[in-house]
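K.L.:
Mind looking over this structure? Questions follow.
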Amino acid sequence: MTKRLVLFVVVSALLGAGIATAQYPILDMVAQNVIGKYQSATCEQLWENKGKHGPEEQKLIGFLRSDPQMRQAFFNQIAGPVMNKMFECGMIP
């Protein structure tokens, strides 16, 4: 009985995770692009471009402001890699 319960919980969790990542496929691609930009940029480039947003970035910011669930999904993906790079560059304490 407990083996079935454990199996059910594991399968449910895996299915839920799959659905959550497939909810915003375009956002997933954008998040990977943002992560790639931060990981490939030098600290000097990040400091120079701090606060500058192009038209595509402005559009993304608008979408994120209008949809809290999308914003949360985006932040969940980019938070770790972006914050690590910013920390390495001395942009956050």
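Laboratory data are not the source of any read-out in this text; all were calculated from the coordinates shown. Here the structure is a predicted model, which is why all the values come from computation and not from measurement.
K.L.:
For segment 25-93, just the Cα atoms, rotate onto the principal axes and tell me the three extents in Å, largest first.
P.N.:
31, 23, 21
K.L.:
Quick one: length gained pulling residue 23 to residue 87 fully straight, 0.36 nm per residue minus the C-alpha distance? Don't skip to the answer; put the middle values down first.
P.N.:
Working: separation 64, 0.36 × 64 = 23.04 nm, distance 2.99 nm.
Stretched fully, the residue 23-residue 87 segment lengthens by 20.1 nm.
K.L.:
When we measure straight from the Cα of residue 50, which aspartates and glutamates land under 20 angstrom away, once same-chain ones fewer than 8 places off are left out?
P.N.:
88
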